[in-house]
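These notes concern the structure reproduced below.
The values are calculated or read from the model by the stated rules, or taken from the named source; none is laboratory data. Quick caveat, the model's predicted, so the values are computed rather than measured. Because the Cβ atoms are built from the backbone with ideal geometry, glycine has one as well, and the counts that use them run over all protein chains shown.
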Amino acid sequence: MSQILDSYRGLQLGNRWDRAPKWFRTVALLLVVAFAFYLPFLNILPFAYIRTDLNPTGSDWASVLFLIVVYMIAAVGLNVVIGFAGLLDLGYVGFYALGAYSVALFGSPSSPVVQALQSRFDLSEEWAVPFVMCIPIAIAMSLTAGVILGAPTLRLRGDYLAIVTLGFGEIIRITARNLDNVTGGAAGITQVPVPPGPEIDGRSFFNTIDAERWYWLALVILILIVWLASRLEHSRVGRAWLAIREDEDAAAVMGVAGFKFKLWAFAIGASVGGLAGLLFGSKQQYVEPNAFMLNLSFLFVAMVVIGGSGNIVGVLVGAFLLTYLPERFRELQEWRPFAFGLALVLVMVLRPQGLVPSRRRAAEIEDRRHEAEEAAADA
Amino acid sequence: MPEHEIVGAEELKDTSDHDKIAIETSGAVGEVLLEVDHVTLRFGGVVALNDVNFDIRRGEILGLIGPNGAGKTTCFNAMTGVYTPTEGTIRFKDQEIAGTKPHRINHLGIARTFQNIRLFPEMSALENVMVGCDARHKTSVLGVLFRAYRVRPSEGELPKSGIRRSFAKVFGISRHTLEERAGRRRSMELLRFVGIADRAHEVARNLPYGYQRRLEIARALATEPELICLDEPAAGFNPAEKEDLMGLIRRIRDLGHTVLVIEHDMKLVLGVTDRIVVLEFGQKIAEGTPEEVARNPKVIAAYLGEPDDAA
């Protein structure tokens with residue numbers, strides 16, 4: 001195993017990529033994006049073997065692709081919190097759930113909130129907030145939740161933050177489950193709106209059958225989010241986060257407003273999580289509390305950590321693997337938790353910095369190891 | 001302590017353009033810039049600073065000396081917001097700063113270095129300095145994300161090639177881009193100023209000890225402080241390097257900064273400072289020009305112990 005890793009390292013893909021001429025990088029990137037858009041129709045052997053619907057019991061390929069991209073969006077958002085700002089957020093599913101519930105609560109004609117609005121303002125029974133308006137609502141809701149959760153807790157350091165956020169994820173789900181007259185309780189909300197679009201073959205553009213359209217929509221949003229996140233990384237904001245991660249007190253003395261930047265990281269992560277949740281809820285057209293269990297939070301964290309915290313490409317790889325592999329090998333379903341645990345342990349042992357690590361993160365982990373060894377030697 | 005490589009003095013020459021890094025000051029040389037007013041600081045029963053009282057005047061190099069444990073660094077920490085004084089106040093430009101958050105104090109115009117070097121170890125030297133420059137930049141997080149704040153660029157700032165050039169002419173250039181460029185240029189200039197530009201792109205942790213010390217100074221200068229506090233900048237230096245450092249401190253003053261320096265090395269302090277404040281056991285025991293302080297019997301006693309025949 002370690003020989004495989006060594007030979008992989010010998011390829012020095014990261015360095016080669018950095019040194020490649022700009023036109024090459026642009027063309028390669030465009031090809032990857034084009035291929036990603038083509039993926040739902042992938043039918044050329046041997047590549048078609050990556051499809052998940054080769055046997056009749058398999059999951060719909062385009063739906064799987066959609067889910068992968070939604071989780072990628074969530075992972076890129078969580079990477080801002082964990083990878084860039086270095087804050088361990090174990091309740092990310094809370095923001096994801098808030099995004100899904102916002103679009104359901106305000107956009108579905110059957111949600112208690114919309115019904116209350118209908119009777120209050122004498123509106124027709126079909127009236128609901130249009131989908132396009134639900135997007136800013138969902139982002140605003142999750143962003144506000146992020147700020148409300150972050151404002152008191154980001155003054156805590158280290159493990160305390162993880163515990164508080166862990167609680168937050170559960171609070172959102174349990175609240176959604178128990179507030180029957182607002183969220184529909186355990187029964188959930190149906191008729192969640194879909195994005196507008198021209199009708200084709202008597203069906204609306206975004207429907208439950210043609211999943212590839214959802215996939216393309218999510219892919220466009222993912223590209224946008226990745227672009228914005230990399231803007232943040234290579235700017236004063238990214239530097240401030242890095243400085244806070246390395247030495248918070250020294251950063252403060254150098255004029256970095258630590259709390260402000262941490263809160264921003266939290267708010268940005270939260271709104272991206274909300275956006276991912278919105279896509280998920282809208283595609284399902286049905287939202288219920290059990291879709292937002294705590295293990296989804298851990299899955300998101302695992303995507304970031306296994307892929308390579310702090311590196312956007314790494315996080316995308318992590319999200320892809322952790323979503324795709326369980327779907328591809330559905331027939332081994334009962335082995336899933338075992339394989340998942342084994343994979344986590346293997347990655348932590350062989351490659352603690354993640355599969356596609358951020359160079360800096362890798363160096364930081366190496367430093368910590370040396371410090372721990374020195375401390376052990378002293379003791 | 002990191003391994004100590006001896007760096008030849010000729011390598012550390014200042015090759016910078018001083019006009020590009022000099023700061024604008026808001027007052028006249030000689031007026032009081034910072035006032036430490038009867039500051040007492042207690043940690044439980046320990047009195048770290050006891051009724052300490054001195055001021056720093058604009059444009060001077062003030063030395064703060066004293067034996068180990070005299071409260072020099074504590075005094076620094078009180079001035080830069082790390083500790084809040086138990087009693088007394090600290091005023092900077094007639095503004096009360098005791099109890100203000102460290103990053104706010106930095107924005108007001110005080111920067112410092114650390115006795116035990118505290119760089120951002122995995123950032124390159126240049127990036128370390130750029131973090132300092134960011135303290136003066138105005139782009140917000142949303143400004144970085146959406147770059148909606150556009151500035152009409154001057155001829156020199158326009159890109160050379162066709163499409164980008166016309167784009168910048170029509171839509172302007174985002175303030176973020178301009179600040180980023182300016183920060184990079186200024187940081188590079190500062191690295192030249194302290195004489196370590198040859199290793200600008202190396203990760204801070206890999207720099208030799210002398211470079212790290214200088215990098216700390218460059219990073220502090222990047223925040224454009226009116227008052228820069230150097231905490232034992234010569235610790236671990238050999239005589240040649242100390243000589244170099246004295247020159248650097250004077251050049252820092254010439255850029256328009258006021259300098260407060262804590263130092264053990266009497267030769268360096270006496271050679272470079274305009275005025276000296278001496279602390280012992282948390283109390284000020286002397287203040288004056290280097291000559292006065294060097295002759296002061298209390299100072300001599302504090303540094304060399306009481307002479308036998310005085311008893």
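Residue check: is B:Ser166 buried (at least 18 other Cβ atoms within 10 Å of the Cβ), more than 10 Å from every other protein chain (Cβ to nearest Cβ), among the polar types (S, T, N, Q) and part of a helix (DSSP H, G or I)? Don't jump to the end; show me each part of the working.
Working: buried (at least 18 other Cβ atoms within 10 Å of the Cβ): no; more than 10 Å from every other protein chain (Cβ to nearest Cβ): yes; among the polar types (S, T, N, Q): yes; part of a helix (DSSP H, G or I): yes.
When the stated conditions are applied, B:Ser166 does not pass them.
So B:Phe92 clears everything in (1) more than 8 Å from chain A (Cβ to nearest Cβ); (2) closer than 25 Å to B:Leu215 by Cβ; (3) in contact with a strand residue (DSSP E or B) (Cβ under 8 Å, 6 or more places away or on another chain) except one condition, right? Which one?
Going through (1) more than 8 Å from chain A (Cβ to nearest Cβ); (2) closer than 25 Å to B:Leu215 by Cβ; (3) in contact with a strand residue (DSSP E or B) (Cβ under 8 Å, 6 or more places away or on another chain) one by one, B:Phe92 breaks only (2).
Have a look at A:Leu263, A:Leu275, A:Leu242, A:Leu294 and point out the one that is closer than 15 Å to A:Ile73 by Cβ and of a type outside the set (Ser, Thr, Tyr). Break it down stepwise before answering.
Details: A:Leu263 fails: closer than 15 Å to A:Ile73 by Cβ; A:Leu242 fails: closer than 15 Å to A:Ile73 by Cβ; A:Leu294 fails: closer than 15 Å to A:Ile73 by Cβ.
So the residue among A:Leu263, A:Leu275, A:Leu242, A:Leu294 that is closer than 15 Å to A:Ile73 by Cβ and of a type outside the set (Ser, Thr, Tyr) is A:Leu275.
Within the range A:334-369, how many residues turn out to be surrounded by 14 or more Cβ atoms within 10 Å (Cβ to Cβ), more than 20 Å from A:Ile244 (Cβ to Cβ) and of a type in the set (Lys, Arg)?
1
Quick one: A:Pro196 ticks every box in (1) surrounded by 16 or more Cβ atoms within 10 Å (Cβ to Cβ); (2) touching a residue at least 60 places away in the same chain (Cβ under 8 Å) bar one, so which box is it?
Result: A:Pro196 passes all but (1).
Can you name the residue in the range B:55-78 that is assigned to a loop (DSSP other than H, G, I, E, B) and touching a Leu at 6+ places or on another chain (Cβ under 6 Å) and is also nearest to the other protein chains (Cβ to nearest Cβ) among such residues?
Going residue by residue through the range B:55-78, those that are assigned to a loop (DSSP other than H, G, I, E, B) are B:58-60, B:66-71.
In the following step, the residues that additionally are touching a Leu at 6+ places or on another chain (Cβ under 6 Å) were identified as B:58, B:66, B:70-71.
Details: B:Arg58: 21, B:Gly66: 22, B:Ala70: 22, B:Gly71: 19 Å.
By that ranking, first place goes to B:Gly71.
Give me a count of the residues in the range A:237-257 that are assigned to a helix (DSSP H, G or I) and surrounded by fewer than 22 Cβ atoms within 10 Å (Cβ to Cβ). Full working, then the answer.
Filtering the range A:237-257 down to residues assigned to a helix (DSSP H, G or I) leaves A:237-246, A:248-253.
Next, from what is left, pick out any that are surrounded by fewer than 22 Cβ atoms within 10 Å (Cβ to Cβ): A:238, A:245, A:248-249.
Looking only at that region, the number is 4.
Identify the residue in the range B:26-70 that is under 18 Å from the mean Cα position of the chain (by Cα) and of a type in the set (D, E, K, R) and, among all such residues, is nearest to B:Arg91 (Cα to Cα).
Here the answer is B:Glu35.
For the range B:151-161, state whether one or more residues are of a type in the set (Asp, Glu) and touching a Ser or Thr at 6+ places or on another chain (Cβ under 8 Å). Talk me through it step by step, then tell me what you get.
Taking the range B:151-161 first, the residues of a type in the set (Asp, Glu) are B:155, B:157.
Among the residues that remain, those that are also touching a Ser or Thr at 6+ places or on another chain (Cβ under 8 Å) are: none.
No.
When B:Gly81 is evaluated against the numbered criteria (1) within 14 Å of chain A (Cβ to nearest Cβ); (2) over 19 Å from B:Leu268 (Cβ atoms); (3) surrounded by fewer than 22 Cβ atoms within 10 Å (Cβ to Cβ), which criterion, by number, is the only one it fails?
Status for B:Gly81: all satisfied but (3).
In the range B:130-145, how many residues are crowded, with 18+ Cβ neighbours inside 10 Å, of a type in the set (A, V, I, L, M) and either more than 7 Å from every other protein chain (Cβ to nearest Cβ) or not in a helix (DSSP H, G or I) (or both)?
Within the range B:130-145, residues that are crowded, with 18+ Cβ neighbours inside 10 Å, of a type in the set (A, V, I, L, M) and either more than 7 Å from every other protein chain (Cβ to nearest Cβ) or not in a helix (DSSP H, G or I) (or both) number 1.
From the list B:Glu291, B:Glu224, which residue is acidic (Asp, Glu) and part of a loop (DSSP other than H, G, I, E, B)? Give the steps one after another, and end with the answer.
Working: B:Glu291 fails: part of a loop (DSSP other than H, G, I, E, B).
Of B:Glu291, B:Glu224, the one residue that is acidic (Asp, Glu) and part of a loop (DSSP other than H, G, I, E, B) is B:Glu224.
Among the residues of the range B:169-187 satisfying the criterion of being aliphatic (A, V, I, L, M) and touching a strand residue (DSSP E or B) at 6+ places or on another chain (Cβ under 9 Å), which is farthest from B:Ala135 (Cα to Cα)?
Taking the range B:169-187 first, the residues aliphatic (A, V, I, L, M) are B:170, B:173, B:178, B:182.
So of that shortlist, the ones also touching a strand residue (DSSP E or B) at 6+ places or on another chain (Cβ under 9 Å) come out as B:173, B:178.
Numbers: B:Ile173: 21, B:Leu178: 15 Å.
For the range B:169-187, the residue satisfying everything is B:Ile173.
Would you check which residues across the range B:95-117 are under 17 Å from B:Asn128 (Cβ atoms) and more than 8 Å from every other protein chain (Cβ to nearest Cβ) and list them?
B:Thr113, B:Asn116, B:Ile117
In the range B:237-250, is there at least one residue being within 23 Å of B:Ile65 (Cα to Cα) and within 14 Å of another protein chain (Cβ to nearest Cβ)?
If we filter the range B:237-250 for residues that are within 23 Å of B:Ile65 (Cα to Cα), which is where we start, we get B:237-250.
Keeping just the survivors that are within 14 Å of another protein chain (Cβ to nearest Cβ) gives none.
Checked against the condition, which is being within 23 Å of B:Ile65 (Cα to Cα) and within 14 Å of another protein chain (Cβ to nearest Cβ), the range B:237-250 yields no hits at all.
Can you name the number of the only condition in (1) in a helix (DSSP H, G or I); (2) in contact with a Pro (Cβ under 7 Å, 6 or more places away or on another chain); (3) free of Cβ contacts under 8 Å to residues at least 40 places away in the same chain that A:Cys134 fails?
(3)
Just give me the residues in the range A:329-354 being touching a helix residue (DSSP H, G or I) at 6+ places or on another chain (Cβ under 9 Å) and modelled with pLDDT of 85 or more, in sequence order.
The one that is touching a helix residue (DSSP H, G or I) at 6+ places or on another chain (Cβ under 9 Å) and modelled with pLDDT of 85 or more: A:Leu350.
One residue is enough: does the range A:223-236 have a residue meeting the conditions aliphatic (A, V, I, L, M), more than 14 Å from every other protein chain (Cβ to nearest Cβ) and in a helix (DSSP H, G or I)?
Pass one, the range A:223-236, residues aliphatic (A, V, I, L, M): A:223-226, A:228-229, A:232.
Narrowing further to those that are more than 14 Å from every other protein chain (Cβ to nearest Cβ): A:223.
The next check asks that each one be in a helix (DSSP H, G or I); those that pass are A:223.
Yes.
Scan A:Pro352, A:Pro357 and give me the residue that is within 14 Å of chain B (Cβ to nearest Cβ) and assigned to a loop (DSSP other than H, G, I, E, B).
Only one candidate passes the filter, namely A:Pro357.
Between a first residue in the range A:22-47 that is farther than 13 Å from A:Leu219 by Cα and a second residue that is surrounded by 10 or more Cβ atoms within 10 Å (Cβ to Cβ), which pairs have beta carbons less than 6 Å apart while being 6 or more apart in sequence or on different chains?
Once the first residue is farther than 13 Å from A:Leu219 by Cα and sits in the range A:22-47, its partners that are surrounded by 10 or more Cβ atoms within 10 Å (Cβ to Cβ) give A:Leu42/A:Ala48.
Filter the range B:146-163 down to residues that are among the hydrophobic types (A, V, I, L, M, F, W, C) and within 30 Å of A:Leu263 (Cβ to Cβ) and give me whichever is surrounded by the fewest Cβ atoms within 10 Å (Cβ to Cβ). Don't jump to the end; show me each part of the working.
As a first pass, look at the range B:146-163 and keep what is among the hydrophobic types (A, V, I, L, M, F, W, C): B:146, B:148, B:151, B:158, B:163.
Right, trim to within 30 Å of A:Leu263 (Cβ to Cβ) and you get B:146, B:148, B:151.
Numbers: B:Phe146: 13, B:Ala148: 10, B:Val151: 14.
The selected residue is B:Ala148.
Looking at the range A:40-73 only, could you name the residues that are of a type outside the set (A, V, I, L, M, F, W, C) and part of a loop (DSSP other than H, G, I, E, B)? Spell out the reasoning first.
Filtering the range A:40-73 for residues of a type outside the set (A, V, I, L, M, F, W, C) gives A:40, A:43, A:46, A:49, A:51-53, A:55-60, A:63, A:71.
Result: A:Asn43, A:Pro46, A:Arg51, A:Thr52, A:Asp53, A:Asn55, A:Pro56, A:Thr57, A:Gly58, A:Ser59, A:Asp60.
How many of the residues in the range A:252-286 are free of Cβ contacts under 8 Å to residues at least 12 places away in the same chain and more than 7 Å from chain B (Cβ to nearest Cβ)?
Residues that pass the stated criteria total 1.
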